[in-house]
Amino acid sequence: MSSRRLVRAACLAATLAALPAARAATTGELLGPGVISTGLQETSAALTPDGRTLYFMRSDFAEADDTILVAHRAAGRWSTPQVAAFSGRWHDSEPTLSPDGGRLYFVSNRPPRPGAAPVMAEMNGRRFPGTNLWYVARQPNGGWSAPIHVDGALNDGAMIYNPSLAANGDLYFSAHREDSGKAYQIYLAHRRGNGYAAPERLPLGDLANNRMDPAVDPQGRFLLYAGNEGDALGSADIYIVFRRPDGGWGNPARLGGEVNSRTLENAPSLGPAFGELYVASARRDDVHFPKPRDDAASLQRRLQSPLNGSRNLWRFDISALLRAHGIAPAAKAAPAHPASAKKPA
């Protein structure tokens, strides 16, 4: 989940001027500096199987205005993002693609049926736009269907976030529900025909620990998520848990290397290449005092650069870790979802 500002054209030039500093902050790769990753807040990268189209979320710092954008990559460059055809009117966030690219799931506060009120949630005495799970289906002409509400027990409640699809159609998500304790937890809803079975909470440990933003390996061999298992470097880190031979889950482990920082990391997602990991991170350039004296222009450039403390999208490679756990690139699976707009039961 993220906080992001409305885009201003003037910010782009300032962001581009700050790119050398942005590159120096980590050994990971900042995604699309100045175009995708800006001085606003961007999270939740969802790439098509060919890696040429990216859906992601941009919003204001108060997380009050979430919108899903789309950009295309050609000749090594990302196009200027545009609002996705199905977004722009409601509080839409956290896009994710099915492994075959046939469906794009997201969460939204839009009314779940005609004539209903927008979804609202309440937690700790505060009311805010809630979320239900929706999807759009790929059409024969390459476009998307109208958004379709996912009916059933999966959408019970109003705090459902970050869907992630396995190749067999099983759906993982994070939520605050009756059995979540005080924090958020990760759930699994098994695919059943055109719909989903009632969700079950994954037994990942102490319910006092917050767990969000699952990203499942399409073959179900491991799961990534954001949270704090008591050893996070920042307010939230990225953890990985591997499937055991008996079908259960092992113990969560915080990812090492450069993935986590002393700020916030969340919204992990897997790219089309083996071991390709995308993460939203609030890491920023260090400021040392006394600093070279700013004038108005240099201050503006620095404060509007990607590494100003806003969340940006970063790309990492965890293929060595996966291979160390006996995981190799998987053969392509048959499509789990037909490219149709048929509504789940």
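The values are calculated or read from the model by the stated rules, or taken from the named source; none is laboratory data. Source: prediction; values computed, not measured. Glycine gets a Cβ as well: all are built from the backbone with ideal geometry, and neighbour counts include every protein chain shown. Side chains included, ligands, DNA and RNA excluded: accessible areas come from the protein's heavy atoms. Shrake-Rupley method; radii C 1.70, N 1.55, O 1.52, S 1.80 Å.
Taken over region 162-183, residues that are within 20 Å of ASN266 (Cβ to Cβ), touching a residue at least 40 places away in the same chain (Cβ under 8 Å) and open to solvent by 20 Å² or more (accessible area, probe 1.4 Å) amount to 1.
If the condition is being charged (D, E, K, R) and either over 20 Å from ASP156 (Cα atoms) or at pLDDT 95 or above (or both), then region 82-138 contributes ARG89, ASP92, GLU94, ASP100, ARG103, ARG110, ARG138.
Taking region 91-127 as the range and being surrounded by fewer than 21 Cβ atoms within 10 Å (Cβ to Cβ) and touching a Gly at 6+ places or on another chain (Cβ under 9 Å) as the test, the residues that pass are PRO118, MET120, ALA121, GLU122. Taking the criterion of being surrounded by fewer than 24 Cβ atoms within 10 Å (Cβ to Cβ), touching a residue at least 24 places away in the same chain (Cβ under 8 Å) and part of a loop (DSSP other than H, G, I, E, B), the residues of region 35-54 that qualify are VAL35, ILE36, THR48, PRO49, ASP50, GLY51. State whether the residues of region 281-288 include one that is touching a strand residue (DSSP E or B) at 6+ places or on another chain (Cβ under 8 Å) and either not charged (D, E, K, R) or not in a loop (DSSP other than H, G, I, E, B) (or both). Checking region 281-288: at least one residue is touching a strand residue (DSSP E or B) at 6+ places or on another chain (Cβ under 8 Å) and either not charged (D, E, K, R) or not in a loop (DSSP other than H, G, I, E, B) (or both). Taking region 74-130 as the range and being farther than 27 Å from ALA167 by Cβ and of a type in the set (A, V, I, L, M) as the test, the residues that pass are ALA74, ALA75, VAL83, ALA116, ALA117, VAL119, MET120, ALA121, MET123.
Every residue in region 116-141 that is closer than 16 Å to PHE106 by Cβ and among the small types (Gly, Ala, Ser), please. Those that are closer than 16 Å to PHE106 by Cβ and among the small types (Gly, Ala, Ser): GLY130, ALA137. Residues in region 310-321 that are closer than 14 Å to THR43 by Cβ and of a type outside the set (Ser, Thr, Tyr): ARG311, ASN312, LEU313, TRP314, ARG315. Among the residues of region 223-245, not one is on the phi > 0 side of the Ramachandran plot and among the hydrophobic types (A, V, I, L, M, F, W, C). If I filter region 184-196 for residues that are part of a strand (DSSP E or B), out of contact with any Asp or Glu (no Cβ under 8 Å at 6 or more places or on another chain), modelled with pLDDT of 95 or more and buried (at least 23 other Cβ atoms within 10 Å of the Cβ), do I get at least one hit? Yes, the conditions are met somewhere in region 184-196.
Taking the stated definitions as given, is ASP217 over 29 Å from PRO118 (Cα atoms) and out of contact with any strand residue (DSSP E or B) (no Cβ under 9 Å at 6 or more places or on another chain)? Considered against the rule, which asks whether it is over 29 Å from PRO118 (Cα atoms) and out of contact with any strand residue (DSSP E or B) (no Cβ under 9 Å at 6 or more places or on another chain), ASP217 comes out as no. Those strands (runs of 3 or more DSSP E) of region 68-157 in which at least 1 residues are touching an Asp or Glu at 6+ places or on another chain (Cβ under 7 Å), considering only elements entirely within it, cover 92-97, 103-108. Cβ-Cβ contacts under 9 Å between residues 6 or more apart (or on different chains), taken from a first residue in region 246-274 that is on the phi > 0 side of the Ramachandran plot to a second residue that is in a strand (DSSP E or B) and small (Gly, Ala, Ser), are listed as ALA267/SER44; ALA267/ALA45; ALA267/ALA215; ALA267/ALA226; ALA267/ALA280. Can you say whether TYR172 is at pLDDT 95 or above, aromatic (Phe, Trp, Tyr), closer than 24 Å to GLY101 by Cβ and in contact with an Asp or Glu (Cβ under 6 Å, 6 or more places away or on another chain), as far as the supplied structure shows? Criteria not met by TYR172. For region 146-161, a tally of residues being closer than 16 Å to SER98 by Cα and open to solvent by less than 10 Å² (accessible area, probe 1.4 Å) returns 1. Take the residues of region 249-264 that are closer than 23 Å to HIS325 by Cα and not in a loop (DSSP other than H, G, I, E, B): which is most open to solvent (accessible area, probe 1.4 Å)? This residue is ARG254.
The set of residues in region 200-248 that are among the charged types (D, E, K, R) and either open to solvent by less than 60 Å² (accessible area, probe 1.4 Å) or not in a strand (DSSP E or B) (or both) comprises ASP206, ARG211, ASP213, ASP217, ARG221, GLU229, ASP231, ASP237, ARG244, ASP246.
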